[in-house]
Amino acid sequence: MKYLLSVFLGAICYGILSTIVVTAYGEGYGLGEVVGSQLFVGFILAWGFMLFTKWRERGKSGSISRKASTVTSKLSWKQRLLLMAAGAPTAITGLLYYESLRYIPNSLAIILLFQFTWIGVLIHAISHRKRPNGIVLLTLVILFGGTLLAAGIVEQGMSRFNWIGVALGLLSALSYSMFILLSGKVLPSIHPAYRSGWMITGGMLLVFILFPPYFLINGLLLGNLLLFGFMLGLFGAFLPPVLFAIGVPHIGEGMTGILGASELPVAVLLSAIVLHEHVSALQWIGVVLVMVGVALPELFKRIRRHSDGYSVSSLDS
């Protein structure tokens, strides 16, 4: 149960971010400053968590416990570089998603980000060279229909959309799919504190290469940027990677996709309440359909597993 709750809370954290970013843009801050401050704060929090974990695992004698020493000894520089590379999609997702918010409404951007669901199915099918089955195809149809409703295409057509923003939103979905894939597969045996710390470090270095962190020396960080950076760093760069690192290896990618759907209604609801974006009843129906589409494959899998188990037990009796 704690692993399910961990991924669920991580997804909710992601749902908060876009509202904070739009508010920061409204105060004149740029993309590099927003994402850079987010990852800088996340870096400090993650490494503080790593140090706290080490300190907590120290015995009364002052030596590191056997478990902790095993964890740290496994972190060769090759493994650290792997974790840093695995953190790159997190930074790329943030850059693409946050930039899309300059061109399209928050409620549409989150819908586009949620196309990671079928993109993940496509990546899985290609990597395993396996054609999607009927359930997966049904899921894709539901997701497509839900997206058309949730994005407002059915009501308002496609003329109102800025295609630069749409393209950026879809690219963020591709990057997010890679993040979910890597978060469960790259060195899952390493303690979550160490995994998240090195992953955030990799993401921060990538952003700082693309957008040199002048805000660290020009005084911007002493203003409201620090507040935005702290909120984004806490809910975007620190908590979700830690929570996903704890939960994803134990519950699998299928259940992660279902629980990750909680990000969608949170983001749309905040768009309506905080940013005063209009979200119609038809769009909310679309949001529900997208969430149903996300959950459908895993639900069918669990029903089939339960049926197979029931059949076996009936034969045994």
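Just a few scattered comments:
- Probe 1.4 Å - accessible area at M178, Å² to nearest ten: 70
- Here the Gaussian network model covers the chain, with springs between Cα atoms less than 10 Å apart; of L232, L101, L299, L299 fluctuates the most.
- Expected 222 nm ellipticity per residue - DSSP helices of 4 or more, -39500 (n - 2.57), all of the chain, to 500: -25500 deg cm²/dmol
- Each peptide in 221-231, 76-86, 264-274 gets a packing score, the mean of other Cβ atoms within 10 Å over its residues, and the list from highest to lowest is 264-274, 221-231, 76-86.
- Protection proxy ranking of 165-171, 11-17, by the mean of other Cβ atoms within 10 Å over each peptide's residues and highest first, is 11-17, 165-171.
- Accessible area expressed per residue, segment 1-63, with surrounding protein chains retained (probe 1.4 Å, Å²): 48
- Solvent-accessible area per residue, Å², over segment 90-247 with all protein chains present [probe radius 1.4 Å]: 44
- Overall dimensions of segment 9-57 as given by Cα atoms, namely Rg and Dmax in Å: 14.1, 44
- At least 30 Å along the helix axis (C-alpha) and Kyte average at least 1.6, DSSP helices within the chain: none
- Estimated at 0.36 nm per residue, the fully extended path between S189 and W284 surpasses their Cα-Cα distance by 30.2 nm.
- Contact order normalised by residue count of the chain, Cα under 8 Å, 6+ apart, percent: 41
- When peptides 107-116, 186-195 are ranked by their average number of other Cβ atoms within 10 Å per residue, the highest-first order is 107-116, 186-195.
- The chain, accessible surface, carbon-and-sulfur percent (1.4 angstrom probe): 70
- Exposure rank, largest accessible area first [I135, I104; 1.4 Å]: I135, I104
- Cα-only Debye scattering, segment 96-189: base-10 log of I(q)/I(0) at q = 0.14, 0.20, 0.25 Å⁻¹: -0.58, -1.00, -1.24
The values are calculated or read from the model by the stated rules, or taken from the named source; none is laboratory data. Values in this document were obtained by computation on a predicted structure and should not be read as measured data. Cβ sites come from the backbone with ideal geometry, for glycine too, and all protein chains shown count toward neighbours. The protein model used for the area step is the full one, side chains on, heavy atoms only, and it has no ligands, DNA or RNA in it. Shrake-Rupley method; radii C 1.70, N 1.55, O 1.52, S 1.80 Å.
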